[in-house]
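Peer 1: Can you keep this structure in mind? I'll have questions shortly.
The values are calculated or read from the model by the stated rules, or taken from the named source; none is laboratory data. Computed from a prediction, not measured in an experiment: that's the story for all the values here. FYI the Cβ positions are ideal-geometry reconstructions off the backbone, even for glycines, and counts take in every protein chain you see.
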Amino acid sequence: MKGNEVIAEAAIQAGCRFYAGYPITPQNEIPEYMSWRMPEAGGVFIQAESELAAINMVYGAAAAGTRAMTSSSSPGISLKTEGISYLAGAELPAVIVNVQRGGPGLGNISGSQADYFQAVKGGGHGDYKLLVYAPFNLQEMWDLTMLAFDKADEYRNPVMILTDGVIGQMIEPLYPTPYVRPELPEKDWILDGCKNREPRMIKSLYMGEGELEMRNLILQRKYEKMREKEVKFVGYHVEDSEVLVVAFGIAARIALSSVRRLRRDGFKVGLFRPVTLFPFPEKELSMLAEENRRFITIEMNAGQMVEDVKLAINGKSKVLFYGRPGGSIFTPEEVQEKIQQSLNYQPHLAKTNLIL
Amino acid sequence: MAPVRTLPVLTLKELSKKEDLFTHGHRLCSGCGAPIVVKMVLFASDHPVVACSSTGCLEVSSCISQHTAWKIPWIHSAFENAAATVAGVESMYRVLKKKHRINKEIKFVTFCGDGGTYDIGLQSLSGAMERGHDMLYICYDNGAYMNTGIQRSSATPLGADTTTSPVGSVIPGKTQQRKNLTRIMAAHDIPYVAQASISHWLDLMKKVRKALEIKGPKFMNILSPCNRGWRSRTDDAILLSRLAVDTCYWPLYEVENGAIRITFKPKEKKPIVDFLKPQGRFKHLFRPENEWIIKKFQEDVDREWERLQKEALP
């Protein structure tokens, strides 16, 4: 199974019964897989006439109480952002998969991580947040997709799986652990016909005096709760590290190879990998910040997560960056070299603290 | 309305002297219909042409990295907005012409696939037609999203096997019939709408020449076989185009100021099976349990052909 198909099957296993999509490379395996698998599972597959239609179909299906999903790649996610903002505003649970490709514009079709800002800082209009998961292998594609549906229902919030063209097209073994449904609050807000009960309403329009502000504060409390409870990260050789690499998704996977090689050669190097990008593991990173440890953020973009890393470190350690934008992929050797450079990095010799 | 200029008759000899404005070296598959459409349209024009494409096979394959196959000014922006993009370019041209900064007569043409026309681009197409921009919108219709790997579109015919309408033991390919976009465009009451096929090159080029002489928005739908998606032989593009016309699956007609004129009537209308048989995407229709689809296909084609003949000028 390809990474994209893993997401599709995990969604089915997690009880997703509505999928709307639209063709865009490199995520086509998801709609293609869903086109036959979803009817087989008794659900609905729709190929929409545009990304806008697909995300709004998800809005409708989510309002009706179905576990709903859509997927796309970077330019398509840009088109979907209006709908995502509405989902967040109306507090509707949905899973959105972004199999990132190089940008901006039409860009290219190779894997990239340049949609970090879009996913984590909002993307669309208004003060909203998505819960963002960044899988780094197919096992996580499977596990996090299932978790995404649960968390979406728990928080009544759209959840994004932020992956990329490389992992989406990758084939590797995984354990297809069966889905176990956790205790979840009953969906007592869905629109399923109001015979014998009070009418319900789902909307994101609040015109009354101060009404929207109240609404926003409720949303913010929800995001605060996510910050407290949902942070996920994985550390490798963190404790005694002198240089700590911070990377997510495919970049972390490449960096992990480099870190292991450097460890073998006796360098004190570790890797810190955020699994949730929102909420970002800022407390955990900040606790690791100390004078004789330096951080290097490795990303497949021109420097996006590095801003969050710097905020977390808050000047307590040096934060360096290495990235390649535009869908270019670095090799473990290349990353290894950059990490080694950062070991000998002299702040007073360099003009900026970015190495690119 | 301005009087229509009489154009010199097209002859092969005349055409052979013209410059090829869509050059070799593009990365479209061998046997693709799209470059034939582009070449014929550009050959037909007597005026300089500025072209626009939406995202798709033609766009991707004609501008790989630093190279371009276009010898004319050509612009691409996104998938859903070719009509809007060319509307912007044409508006700018009108302003510059008014200010006498440009004095040339320039024609604006789009070349878009069916995904970018029938589906995601329909909104901007409809808007541009209603606003009345002086442009010719050409859709090369290959009946699916071929660029992303043969997903169904609303131009995909009934029963076709695509990657998102896959044939299985329960679902027999696409379960909906195709959208009749040419009729939708005619309903915009624009000066000129036509349907053409690369197998009837003279008819196609005459229609392009006529369209380019008319001021205002024009639309042409051109069938463009895709051997990858249609699962046919690479040298069958012209044959399949001709069969589409001869079976009346793709009737050749034009709608000029509301008046419909059929421009080619096959001497003998062939059964739709002749068009379906050479294409692998319809292979499953020939199983006994799917006979009803072929029957329905034939009925749909017959009904449309009848309606067209009834509505057309004698």
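Peer 1: Please enumerate the residues belonging to the stretch B:23-52 that are closer than 21 Å to B:Ser241 by Cβ and outside any loop (DSSP other than H, G, I, E, B).
Peer 2: Once the filter is applied, which keeps residues that are closer than 21 Å to B:Ser241 by Cβ and outside any loop (DSSP other than H, G, I, E, B), the stretch B:23-52 yields B:Ala34, B:Pro35, B:Ile36, B:Val37, B:Val38, B:Lys39, B:Met40, B:Val41, B:Leu42, B:Phe43, B:Ala44.
Peer 1: Taking B:Glu291 as the residue in question, decide whether it is touching a helix residue (DSSP H, G or I) at 6+ places or on another chain (Cβ under 9 Å), surrounded by fewer than 18 Cβ atoms within 10 Å (Cβ to Cβ) and under 19 Å from B:Gly159 (Cα atoms).
Peer 2: Here the answer is yes, as B:Glu291 does meet what is asked.
Peer 1: Residues in the stretch B:85-104: is at least one touching a residue at least 60 places away in the same chain (Cβ under 8 Å) and within 14 Å of chain A (Cβ to nearest Cβ)?
Peer 2: No: zero hits.
Peer 1: Go through (1) more than 13 Å from chain A (Cβ to nearest Cβ); (2) touching a residue at least 12 places away in the same chain (Cβ under 8 Å); (3) not small (Gly, Ala, Ser) for B:Arg183 and report which single condition fails.
Peer 2: With (1) more than 13 Å from chain A (Cβ to nearest Cβ); (2) touching a residue at least 12 places away in the same chain (Cβ under 8 Å); (3) not small (Gly, Ala, Ser) applied to B:Arg183, the lone miss is (2).
Peer 1: Taking the conditions exactly as written (among the aliphatic types (A, V, I, L, M) and either within 13 Å of chain A (Cβ to nearest Cβ) or over 21 Å from B:Val208 (Cα atoms) (or both)), does B:Leu136 satisfy them or not?
Peer 2: For B:Leu136, the condition - among the aliphatic types (A, V, I, L, M) and either within 13 Å of chain A (Cβ to nearest Cβ) or over 21 Å from B:Val208 (Cα atoms) (or both) - is not met.
Peer 1: Scan the stretch B:150-158 and give yes if some residue there is under 24 Å from B:Ala259 (Cα atoms), within 14 Å of chain A (Cβ to nearest Cβ) and touching a residue at least 40 places away in the same chain (Cβ under 8 Å), otherwise no.
Peer 2: no
Peer 1: Condition first: more than 10 Å from every other protein chain (Cβ to nearest Cβ) and in a loop (DSSP other than H, G, I, E, B). Now tell me which residues in the stretch B:66-78 satisfy that.
Peer 2: Residues satisfying the conditions are B:Gln66, B:His67, B:Thr68, B:Ala69, B:Lys71, B:Ile72, B:Pro73.
Peer 1: Would you pick out the residues in the stretch A:23-56 that are in contact with a helix residue (DSSP H, G or I) (Cβ under 9 Å, 6 or more places away or on another chain), polar (S, T, N, Q) and either within 8 Å of another protein chain (Cβ to nearest Cβ) or under 19 Å from A:Leu162 (Cα atoms) (or both)?
Peer 2: Hits for the stretch A:23-56 are A:Thr25, A:Gln27, A:Asn28, A:Gln47, A:Ser50.
Peer 1: When the stretch A:87-112 is examined, which residues are found to be away from chain B (no Cβ under 14 Å), touching a helix residue (DSSP H, G or I) at 6+ places or on another chain (Cβ under 6 Å) and not aliphatic (A, V, I, L, M)?
Peer 2: Listed by number, the residues that qualify are A:Pro93, A:Asn98, A:Gln100, A:Gly111.
Peer 1: Quick one: is A:Lys195 closer than 24 Å to A:Tyr133 by Cβ and either without any contact (Cβ under 8 Å) to a residue 12 or more places away in the chain or part of a loop (DSSP other than H, G, I, E, B) (or both)?
Peer 2: Taking the combined requirement at face value, the residue does not satisfy it.
Peer 1: Among residues belonging to the stretch B:236-294 that are at pLDDT 95 or above and small (Gly, Ala, Ser), point out the one that is farthest from B:Glu213 (Cα to Cα).
Peer 2: B:Gly280
Peer 1: Just to check your reading of the model, which residue among A:Arg17, A:Arg67 is more than 11 Å from chain B (Cβ to nearest Cβ), of a type outside the set (S, T, N, Q), touching a Cys at 6+ places or on another chain (Cβ under 7 Å) and within 29 Å of A:Trp189 (Cβ to Cβ)?
Peer 2: A:Arg67
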